[in-house]
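Here's the structure, in structure tokens; my notes come after.
The values are calculated or read from the model by the stated rules, or taken from the named source; none is laboratory data. This is a predicted model, so every value here is computed, not measured. A quick note on method: Cβ atoms are made from the backbone with ideal geometry, for glycine too, and the neighbour counts reach across all protein chains shown. For accessibility, only protein heavy atoms count, side chains too; no ligands or nucleic acids. Shrake-Rupley method; radii C 1.70, N 1.55, O 1.52, S 1.80 Å.
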Amino acid sequence: MVKTSKLLSLVLATTLLLSLAACGGNAKTKENTGSANSGSTNATEKPAEKVEDKKVTITFQNIYPDPTDPKNQIMKKLVDQYHTDHPNITIELDSLNTDQQKLKLKTQAASKEVPDITIVNPAAQMKPFVDAKLFAPLNDMLDQNGLKATFQEGLLDFYSFDGNTYALPDGNNIAVVYYNKELFEQAGVKVPTTYEEMLEVVKTLKSKGITPISIGEKDSWTGSFLFMNMLLRTNGGPGFLQDVVDKKKTFEDPAFTEAVDAFQSLVAAGAFQEGATSFDYNAGENLFKTGKSAMYFMGTWATGGIETSSVNGKVGVFKFPTINGKGDPNEFMLAPGSAFAISADSEHLQETKDFLNYFMLNFPKEAFEAKGAVGVGQIVDGDFAAAGYSDMAMEVLGLFKEVKGGDLAFDNTMNPGTAQIHLNSIQNLFVQKIDSAEVGKEHQAAYEDNNK
């Protein structure tokens with residue numbers, strides 16, 4: 001469990017770095033972006049093949065399937081350049097939506113066939129893979145070319161166990177509410193400062209034929225992410241899950257059931273698009289990016305994709321409001337990003353480390369140039385305003401400076417068994433109303449069953 005003080009220190013470090021810098025597809029796809037062109041060899045000289053001439057294929061599993069997202073474009077640009085510089089190496093892209101990738105990795109891990117590079121989430125989510133010795137320690141690679149110093153202070157701690165770092169994050173974010181100013185004006189509503197006001201905004205938008213909030217709940221973590229922000233409010237601050245672990249509270253605590261009731265009130269008010277559980281992450285986000293919904297609750301990693309979409313220039317952001325007068329809007333869901341891990345059994349371990357070292361060293365610069373650097377987990381060298389980042393992006397950067405603390409996502413905190421019951425339980429709230437006390441009991445039973 002990560003303590004709030006550690007999270008707060010990390011966010012404050014992020015704020016300082018951003019301040020300094022400012023002053024100065026939906027279906028599963030597999031993409032092969034290039035072919036290796038190896039040098040000729042003499043068949044009579046079998047042992048004489050040079051290392052640099054050896055044909056190598058590296059499978060790069062990622063969660064950047066949307067070609068309109070800056071991260072997808074950054075990835076392909078860096079891969080193409082690597083192919084040019086290393087003609088004997090092929091980087092094969094396996095681009096998946098988030099939940100597809102999680103499921104695929106579980107299957108691959110069970111058969112010990114983890115791809116050369118894969119995606120993991122911090123802390124509790126990646127620990128089982130580390131315990132199973134499926135990932136290679138990356139300490140040596142971090143020392144190569146000064147890569148370690150590019151990461152924001154303390155961020156790598158979320159991906160480290162027993163002195164070894166096993167994954168490198170692409171971001172460090174907070175959760176915010178994006179809103180379409182044009183649709184708000186059309187409906188005659190203003191940015192809510194309380195949850196009660198937010199419900200009224202939802203009802204008014206709905207009455208005007210506007211989808212209030214879009215979500216991609218087929219990827220069940222999205223609903224959980226929103227729910228946990230509500231729990232952060234009803235609990236009066238961070239640490240509810242830590243209190244459960246410390247046996248100071250249970251999931252039947254009033255703070256939890258109040259959050260369930262608040263969540264269900266959003267559903268009952270018609271806040272989400274019809275069939276929300278059939279929309280994956282990208283499809284849900286695209287509703288907002290194409291002007292078909294008025295609000296979108298997500299981590300600030302979404303900023304780059306929104307900035308390059310058709311609603312750019314029409315979008316603002318606001319903090320999730322208080323609920324029944326509880327909580328501090330300056331406490332956020334904190335999201336150390338998804339991260340790149342390397343298979344311990346990679347047939348091309350050194351070549352894979354060399355590529356990931358290159359990729360991560362160049363990622364901040366390319367992200368900045370692609371208008372995708374808001375929420376990057378590394379030091380970004382550049383003046384965001386001078387580079388033409390939108391007013392929305394500058395608003396987001398401003399919010400980083402106001403963060404007082406917060407919580408990690410449920411599935412980055414609890415063990416996988418408890419987390420899966422939680423994800424299923426919250427997803428179920430989109431399709432049927434359930435007594436909040438029963439939801440609390442279901443969570444508590446799952447927690448106890450998985451901690452015997």
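Couple of notes before you dig in:
- If you go through the stretch 126-138 and keep only what is open to solvent by less than 80 Å² (accessible area, probe 1.4 Å) and more than 14 Å from MET360 (Cα to Cα), you end up with MET126, PRO128, PHE129, VAL130, ALA132, LEU134, PHE135, ALA136, PRO137.
- Meets criteria (of a type in the set (A, V, I, L, M, F, W, C), at pLDDT 95 or above and more than 17 Å from ASP345 (Cβ to Cβ)) for ILE117: no
- Among (1) open to solvent by 20 Å² or more (accessible area, probe 1.4 Å); (2) of a type in the set (D, E, K, R); (3) closer than 20 Å to ALA302 by Cα, the one test that ASP411 misses: (1)
- Filter result (aromatic (Phe, Trp, Tyr) and within 24 Å of LYS247 (Cβ to Cβ)) within the stretch 381-433: PHE410
- Selection of the stretch 251-291 for residues being of a type in the set (Val, Ile, Thr) and not in a helix (DSSP H, G or I) yields only THR290.
- Residue within the stretch 307-325 that is touching a Gly at 6+ places or on another chain (Cβ under 6 Å) and among the β-branched types (Val, Ile, Thr) present: yes
- Matching residues, the stretch 294-320, being aromatic (Phe, Trp, Tyr) and open to solvent by 10 Å² or more (accessible area, probe 1.4 Å): PHE297, TRP301, PHE318
- Any hit, the stretch 144-153, residues being under 25 Å from GLN427 (Cα atoms), surrounded by 20 or more Cβ atoms within 10 Å (Cβ to Cβ) and within 18 Å of the chain's Cα centre (by Cα): no
- Across the stretch 293-309, not a single residue is classified as part of a loop (DSSP other than H, G, I, E, B) and under 18 Å from LEU205 (Cα atoms).
- Total residues in the stretch 347-375, condition more than 20 Å from TYR296 (Cα to Cα), open to solvent by less than 10 Å² (accessible area, probe 1.4 Å) and of a type in the set (A, V, I, L, M, F, W, C): 6
- Against the test of being in a helix (DSSP H, G or I) and either at positive phi or of a type in the set (Gly, Ala, Ser) (or both), the options GLY417, GLY406 yield a single qualifying residue, GLY417.
- Counting only helices (runs of 4 or more DSSP H) that sit wholly inside the stretch 158-243, those with at least 2 residues that are open to solvent by 30 Å² or more (accessible area, probe 1.4 Å) are 181-187, 195-207.
- Residues of the stretch 277-293 classified as in contact with a Phe, Trp or Tyr (Cβ under 6 Å, 6 or more places away or on another chain) and either in the same structural domain as TYR64 (by TED's automatic domain parsing) or crowded, with 24+ Cβ neighbours inside 10 Å (or both), total: 1
- The set of residues from the stretch 420-444 being open to solvent by 30 Å² or more (accessible area, probe 1.4 Å) and in a helix (DSSP H, G or I) comprises GLN420, ILE421, ASN424, GLN427, ASN428, ALA437, GLU438, LYS441, GLU442.
- Enumeration of residues in the stretch 66-104 that are farther than 22 Å from PRO364 by Cβ, in contact with a helix residue (DSSP H, G or I) (Cβ under 8 Å, 6 or more places away or on another chain) and not acidic (Asp, Glu): ASN88, ILE89, THR90, LEU96, ASN97, THR98
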